[in-house]
Amino acid sequence: MSNIAPELPPPGLEHIPEGGAVGPVQSGWRLAVREFAQNKLAVLGVAALIFFVLFCYLGPLVYHGGLTSDLTATNVPPSIGHPLGTDNQGFDVLEELMVGGRAALEIGFFSALIGMVWGAIWGAVSGLAGGLLDGFLMRIVDVLLSIPFLFVVLIVAVRYGASVLGLSIIIGIFTWQVPARLVRGEVLTLRVRDFVSAARAAGSGRLRLINRHLLPNSLGVIIVTATFSVADAILAVATLGFLGFGLQYPNFDWGDMLNNGVTYLQDGYWWQVYPVGICIIVVVMACNLLGDALRDALDVRLRRR
Amino acid sequence: MTAYLIRRAASAIVVLFGVSIFIFFMLHVIYPTPAIDVLGPHANKFSIAQWNAQHGFDDPWIVQYLHYLNQLLHGNLGYSYKLNQSVASLFQERWLRSAYLSGVTLILSVVIAIPVGIYQAIRRNTVGDAVVTTSAFVTYAMPDFFFYLIAIQVFAITIPIFSYEGPQTTSMWSIITDWRAMTLPIVCLTLLDLAGYSRYMRSAAIDTLAQDYIKAARAKGLPERLVLWRHLLRNAFLPMITLIGLSIPALLAGNLVCEAVFNFPGLGLLFYDALGTADYPILLAYTLVGAALTIAGNFVADVSLTVADPRIRLV
């Protein structure tokens, strides 16, 4: 089928609105961005995330505390050479924090990406198809939603070992259900709207309908869910590491650092426990703040729609 | 109502079947046969093949699934060859302790979350609200194990009031009465749950406060106490019913970490120990039980919501 782009008005017509000239039209997205920028907590969240990205990726290029086992300098308290001390292997805690943060951020990002893409497609297909297929697809979502996901992640990590890619995939597999449901809901309300009927009348196939009209309009919901699922994934990875089934050396992992530090809680080696705990809290909180703010900003956009 | 109940129950059963298929396939892929555990790590290929043939582990997967399902329906959750005990009997020894921990936590956190959320909604954007919201937000972002660690550090090591371990006895009565050992796990879990519940309660109460019937109740001169008690509480509690049903997986997962940190002899610790020994029958059976509980929780939540809120019956 030939695709005639129905969005483009004939040239020369776009400057003559029927009811006379109107002021500049604000798009919903621009409104959302403005609302977002006015939210101080949101800006704080973004700043914290940018800080951590720089800290984890540029930090190790600038700072070399030593990530080789040094058994002559174990459990050194914070000092000039080691601002956050060393752990029981003689690794520098500050550099370990930087490198360990990478794994957390990467798994959070990739699992959310997998979950959102898959969930959006699943939800859009389900909502558009309706009927039996919709019922079937949504029952699969119900099944996966009722399975406690941390348990499955732990079992898979025990059986196959933990790696950044593996954890991203397995967490992603348990992330897509919520966006799938939300996108389906959006699609159900969108598909009866005039612009979708117009696109249908113009001869858009289902794929085009999903790609060009339904998914872009559900994007807000998807982005909001994505930020929360990054937070959830980071927490899950930390829990995995803490229970002792996380990434193994030469990978570093915040949860694993805590697990090591806990052994020495009674000896008062606070630098092995609290800095890493605070890092996890700040990153997760930043994601949650971002998600809340995006949801509020999106509400403004929705009101316009 | 009856039609709704039947439809809702039917869909719960369908999902339950789906879960059993999912768990079976995980078991099938991860732990296709217990032969190695039975015959020992040095058993030769032929005796393993023979054992598999004798015990039906080389049947087509559909036959194996039907066998698995049949066993499940007869209450057989599997057999742990590492502990040489049936999974069901292992669960039976321990489930009451975990249920006690979760039950007390759930009740406490709901009972506390309601007044806290309502207080925040009424005193919205005051200092008190900000303090509660901020602390809930921080707690919400905190990995649960870190919370337990801080609690142990402060209240068991620095100021030794409570025990840094859960109770180590097996009798239910001594667990309930051992307040030194039970306080920290219960208080920590409650505070963690409270962080989520109070946020929901706050937003539900704010939504309810904006309704016209609250204005009408105030306009007709109803004392504020009665407005809150009769109109606000009853309506704002409705979303909480769903939330409680949905939070069962979180309760189970929370128990897992909490029991592992406090060495509390419940189902979570059994799961944690089974992770260490790669005892897959226990791990997957617990996952299955968790999923079944989640489905049951959602079902009960949906049904109680329709009972509590007659407006929903139309659906």
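The values are calculated or read from the model by the stated rules, or taken from the named source; none is laboratory data. Please read these numbers as outputs of a predicted model, since none were measured by experiment. Virtual Cβ from ideal backbone geometry, glycine too; neighbours counted across all protein chains shown.
Do we find that A:SER168 is among the polar types (S, T, N, Q) and under 17 Å from the mean Cα position of the chain (by Cα) in this structure? Yes, satisfied.
Restricting to the stretch A:96-119, and then to whatever is modelled with pLDDT of 90 or more and touching a Pro at 6+ places or on another chain (Cβ under 6 Å), can you tell me which residue is nearest to A:ILE234 (Cα to Cα)? Restricting to residues being modelled with pLDDT of 90 or more and touching a Pro at 6+ places or on another chain (Cβ under 6 Å), the top hit is A:MET116.
Return the residue satisfying two criteria in turn: it lies in the stretch A:124-148 and is assigned to a helix (DSSP H, G or I) and away from every other protein chain (no Cβ under 14 Å), and of such residues it is surrounded by the fewest Cβ atoms within 10 Å (Cβ to Cβ). Applying the filter and picking the extreme gives A:GLY131.
With the structure loaded, tell me whether A:SER229 is buried (at least 19 other Cβ atoms within 10 Å of the Cβ) and at pLDDT below 85 or whether it fails that test. Considered against the rule, which asks whether it is buried (at least 19 other Cβ atoms within 10 Å of the Cβ) and at pLDDT below 85, A:SER229 comes out as no. The single condition among (1) in contact with a Phe, Trp or Tyr (Cβ under 8 Å, 6 or more places away or on another chain); (2) under 27 Å from A:ASP267 (Cα atoms) that B:ILE175 does not satisfy is (2). Taking the listed residues B:ASP273, B:ASP207, the one that is charged (D, E, K, R), closer than 30 Å to B:SER163 by Cα and surrounded by fewer than 20 Cβ atoms within 10 Å (Cβ to Cβ) is B:ASP273, with no other qualifying.
When you look at A:VAL187, is it part of a helix (DSSP H, G or I) and surrounded by 24 or more Cβ atoms within 10 Å (Cβ to Cβ), yes or no? In short, yes. Of the candidates B:ARG94, B:ARG124, the single residue that is basic (Lys, Arg), in contact (Cβ under 8 Å) with a residue 24 or more places away in the chain and in a helix (DSSP H, G or I) is B:ARG94. When B:PRO34 is tested against (1) of a type outside the set (D, E, K, R); (2) more than 30 Å from A:ARG139 (Cβ to Cβ); (3) within 14 Å of chain A (Cβ to nearest Cβ); (4) in contact with a Phe, Trp or Tyr (Cβ under 8 Å, 6 or more places away or on another chain), just one condition goes unmet, and that condition is (3). Pull up the stretch A:226-263, narrow it to residues that are acidic (Asp, Glu) and touching a helix residue (DSSP H, G or I) at 6+ places or on another chain (Cβ under 6 Å), then point me to the one that is nearest to B:VAL261 (Cα to Cα). Among those residues, the one meeting the criterion is A:ASP256. For the condition surrounded by 22 or more Cβ atoms within 10 Å (Cβ to Cβ), more than 19 Å from B:VAL138 (Cα to Cα) and among the small types (Gly, Ala, Ser), A:ALA286 does not qualify. Quick check on B:ALA141: is it surrounded by 18 or more Cβ atoms within 10 Å (Cβ to Cβ), among the small types (Gly, Ala, Ser), touching a Phe, Trp or Tyr at 6+ places or on another chain (Cβ under 8 Å) and at negative phi? Taking the combined requirement at face value, the residue does not satisfy it.
Restricting to the stretch B:7-27, name every residue that is surrounded by 14 or more Cβ atoms within 10 Å (Cβ to Cβ) and more than 11 Å from chain A (Cβ to nearest Cβ). Result: B:ARG8, B:PHE24.
Per-residue answers, yes or no, for (1) more than 14 Å from chain A (Cβ to nearest Cβ); (2) more than 20 Å from B:LEU106 (Cα to Cα):
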site: B:ARG202; (1), (2): no, no
site: B:PHE237; (1), (2): yes, no
site: B:LEU252; (1), (2): no, no
site: B:THR277; (1), (2): no, yes
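Against the condition over 23 Å from B:ALA308 (Cα atoms) and either in contact with a Phe, Trp or Tyr (Cβ under 6 Å, 6 or more places away or on another chain) or modelled with pLDDT of 85 or more (or both), how does B:ALA151 come out, does it pass? Yes: the conditions hold for B:ALA151.
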